[in-house]
1. When you scan segment 200-214, do you find a residue that is of a type in the set (Asp, Glu) and either open to solvent by 60 Å² or more (accessible area, probe 1.4 Å) or under 27 Å from Gly73 (Cβ atoms) (or both), even just one?
2. Kindly establish whether Ile183 is among the hydrophobic types (A, V, I, L, M, F, W, C) and modelled with pLDDT under 95.
3. Among the residues of segment 135-151, is any under 16 Å from Arg212 (Cβ atoms) and among the acidic types (Asp, Glu)?
4. All but one of (1) over 20 Å from Thr43 (Cβ atoms); (2) touching a Leu at 6+ places or on another chain (Cβ under 8 Å); (3) modelled with pLDDT under 95 hold for Ile162; which doesn't?
5. Select from segment 180-196 the residues that are part of a strand (DSSP E or B) and open to solvent by 30 Å² or more (accessible area, probe 1.4 Å) and list them in ascending order.
Amino acid sequence: KMSGRSTRRAMAFVWLVMVCGAVASLRAQAPLTITTSTLPTLTAGSSARVRITVTGGAEPLTFRVAEGKLPPGLKLNPTRGSIAGVPTAPGMYRFAVVVTDSNSPAIQIEREFTLVVTAALSIEWKRMPAVHGQQLDGSVIVTNYSDRDFTLTVIVVAVNQIGRATALGYQEFTLRSGAEQVIPFGSGPGTGEYLVHADAVAEVASTNTIYRARKQTTEPLVIQSQE
């Protein structure tokens, strides 16, 4: 039968072994670190999944957005650290993610991220609208940045100082995913001052999705009378 002093010594020894084991375990455990430094650019309307990777710490880990907001249409998985969904609005989104491990007390780390979402459809001037005699002409380039083919309609009009619109060009065609197309336009709208509007509307029938893009000149283009 153990005496009270022996019992206390045995308990103290067990406690010391447990503490030393815990300290050794903490020393052996790698520090909690977020290894993801940047996030890839995403495209509005296209499915996306990116992951914030972490090393070290005691699992399971939990993830949460501490500051800022994710792009509309995306969510952060609180246990996997993945950001997934279909972003709906182009823009630059800044937010901070906090990762918490299962140590006691828990260890937390935080990192700020910037996530850029680009438009699925773009339209740019390839050849700026210009007056050549009685003609007003130029060209645009349209690009499909989405992960789906879509039916694209491009309309270019010249609007004079009293709001009368004259068509300079019209095309409707299928634009493949990742493709671009140059579209020339030109016409003789008559004497006057004109602003040129170029509108592109894309439709993905399988998902009932519509994308829009527009360009417009800022300075009037003048067609002089020949008299």
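The values are calculated or read from the model by the stated rules, or taken from the named source; none is laboratory data. Keep in mind that what you see is a predicted model, and the values were worked out from it rather than measured. When we count neighbours, we look across all protein chains shown, and the Cβ atoms used for this are built from the backbone with ideal geometry, even at glycine. Keep in mind that these areas ignore ligands, DNA and RNA; they rest on the heavy atoms of the full protein, side chains included. Shrake-Rupley method; radii C 1.70, N 1.55, O 1.52, S 1.80 Å.
1. Yes, there is a match, as at least one residue in segment 200-214 is of a type in the set (Asp, Glu) and either open to solvent by 60 Å² or more (accessible area, probe 1.4 Å) or under 27 Å from Gly73 (Cβ atoms) (or both).
2. Values: among the hydrophobic types (A, V, I, L, M, F, W, C): yes; modelled with pLDDT under 95: no.
No: the conditions fail for Ile183.
3. Looking through segment 135-151, none of the residues is under 16 Å from Arg212 (Cβ atoms) and among the acidic types (Asp, Glu).
4. Among (1) over 20 Å from Thr43 (Cβ atoms); (2) touching a Leu at 6+ places or on another chain (Cβ under 8 Å); (3) modelled with pLDDT under 95, Ile162 violates only (2).
5. If the condition is that a residue be part of a strand (DSSP E or B) and open to solvent by 30 Å² or more (accessible area, probe 1.4 Å), then Glu180, Gln181, Val182, Pro184, Gly186, Ser187, Glu193, Leu195 are the ones that fit.
Every residue, every condition in (1) touching a strand residue (DSSP E or B) at 6+ places or on another chain (Cβ under 9 Å); (2) free of Cβ contacts under 8 Å to residues at least 40 places away in the same chain; (3) outside any loop (DSSP other than H, G, I, E, B); (4) open to solvent by 70 Å² or more (accessible area, probe 1.4 Å), yes or no:
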| position | (1), (2), (3), (4) |
| --- | --- |
| Thr38 | yes, no, no, yes |
| Ser46 | no, no, no, no |
| Arg64 | yes, yes, yes, yes |
| Leu70 | yes, no, no, no |
| Thr79 | yes, yes, no, yes |
| Ala84 | yes, yes, yes, no |
| Ala89 | yes, no, no, no |
| Ala96 | yes, yes, yes, no |
